[in-house]
Amino acid sequence: MARVVVDVMPKPEILDPQGQAVAAALTRLGITGVTGVRQGKHFELDVDDAVDDETLHRIAGSLLANPVIEDWKVTRV
């Protein structure tokens with residue numbers, strides 16, 4: 001059994017209103033020095049060792065992320 005982490009983030013050219021809301025909230029709280037926020041998704045999967053990297057990327061690209069507007073990274077931990 002292996003643990004796999006999939007991190008999904010909006011592509012850099014895609015507007016991130018959730019990240020902008022967090023950045024604005026930090027300013028309202030008086031917190032300075034944060035110049036940008038991007039909000040994404042984090043998934044942890046427990047998979048059999050037989051599940052290969054190609055299958056993991058297919059899972060990420062077809063179910064966990066929208067490949068039109070999001071990038072993802074698959075990491076075995």
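What nm value, rounded to one decimal, do you get for the distance between V22 and M1 when each label is placed 7 Å out toward the C-beta?
3.0 nm
With the other protein chains left in place, how much accessible area per residue, in square angstrom, belongs to the chain at a 1.4 angstrom probe?
70 Å²
Hey, how many Å between the Cα centroid of the range 7-32 and the Cα centroid of the range 38-77?
23 Å
Taking volume of the Cα convex hull per residue in Å³ as the quantity of interest, determine which of [x] 101; [y] 75; [z] 91 was computed from the displayed structure.
Of the labelled values, this structure produces [x].
In the range 20-77, if the dipole is taken from +1 on Lys/Arg beta carbons and -1 on Asp/Glu beta carbons about the Cα centre, which of Q39, L64, Q20 is farthest to the positive end?
It is Q20, whose Cα lies furthest towards the positive end.
Dipole size in debye (nearest 20) for the chain around its Cα centre, Lys and Arg Cβ +1, Asp and Glu Cβ -1?
480 debye
The values are calculated or read from the model by the stated rules, or taken from the named source; none is laboratory data. These figures come from a predicted structure and were not determined experimentally. Heads up, the Cβs are rebuilt from the backbone with ideal geometry, glycines too, and the neighbour counts pull from every protein chain shown. In case anyone asks, the SASA skips ligands and DNA or RNA and just uses the protein heavy atoms, side chains included. Shrake-Rupley method; radii C 1.70, N 1.55, O 1.52, S 1.80 Å.
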